[in-house]
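See below for the structure under consideration.
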Amino acid sequence: LWRSLDYWTEASRVKGRRGQLLLRGYAWDAGLSYRFRLPWQPSLAAGYAFGSGDNNLNDGVDGNFRQTSLNDNTSRYNGLKRYYYYGLLFRPELNNLRMPSVDLGIRPSEQWSLNVSYHTYRQAVPYRRLGESELTIRPSGRDARLGKEFDVVLAIRKLPNTDLNFYAGLFVPGRGFSGAPPRAFFFRQELRYYF
């Protein structure tokens, strides 16, 4: 509708059978991103993703949504580099999950960009397991609040055919985990040369 506004809506449904169990899950992901016509091209993006859970494990129907493994869950918003927009550290599958996200970015030139993201995670149905993710801790199944994550992505392209990228993430566990699990921190640098 406008040159400065990007928007998306994706919906998916899982329907089938695994043995005697009927599979009936659904998911959607929607959001928008606006690039301001100001110096340094600041951008603001907001999105909401939802993957269904199963609140009755004894009815012969599995209501959990499952991704197909063909997905990559990456985007670049207004930056130079694609990254995991559901969280760099947690990297969850959209399964039994509610996830609002906000991303702030700047792109002063074609040589570098910076994005800062914030995500909150809640299970659709409190459950003792997570879908596919990078976390090794398990939820208690008594509280849906899994936690929040802060991410930073810095992309630099100052040299010809070369990408220099820095990724950092901080995951703060919520009340959905038993005890007091520690915060998790992630940092990675990447140098790519194209020839």
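The values are calculated or read from the model by the stated rules, or taken from the named source; none is laboratory data. From a predicted model like this one, the values you see are computed outputs, not experimental measurements. Accessible surface is based on the protein model in full, side chains and every heavy atom, while ligands, DNA and RNA are left aside. Shrake-Rupley method; radii C 1.70, N 1.55, O 1.52, S 1.80 Å.
Computed with a 1.4 Å probe over protein heavy atoms only, the accessible surface of the chain comes to 60 Å² per residue.
Of 33, 75, 117, the residue with the greatest mean-square motion in the GNM of the chain, using alpha carbon springs below 10 Å, is 75. The C-alpha atoms of region 104-195 occupy a region whose extents along the principal axes are 52, 25, 21 Å, arranged from largest to smallest.
Of the solvent-accessible surface of region 132-195, computed with a 1.4 Å probe and all protein chains present, 56% belongs to carbon and sulfur.
The alpha-carbon of residue 148 sits under 27 angstrom from the alpha-carbons of these lysines, leaving out residues fewer than 8 places away in its chain: 81.
Which of these, 69, 52, 140, has the largest mean-square fluctuation under a Gaussian network model of the chain (Cα springs below 10 Å)? So, out of 69, 52, 140, the one fluctuating most is 69.
Structural descriptor for the chain: relative contact order 15 percent, calculated from alpha carbon pairs under 8 angstrom and at least 6 residues apart. Of 160, 42, 182, the residue with the greatest mean-square motion in the GNM of the chain, using alpha carbon springs below 10 Å, is 160.
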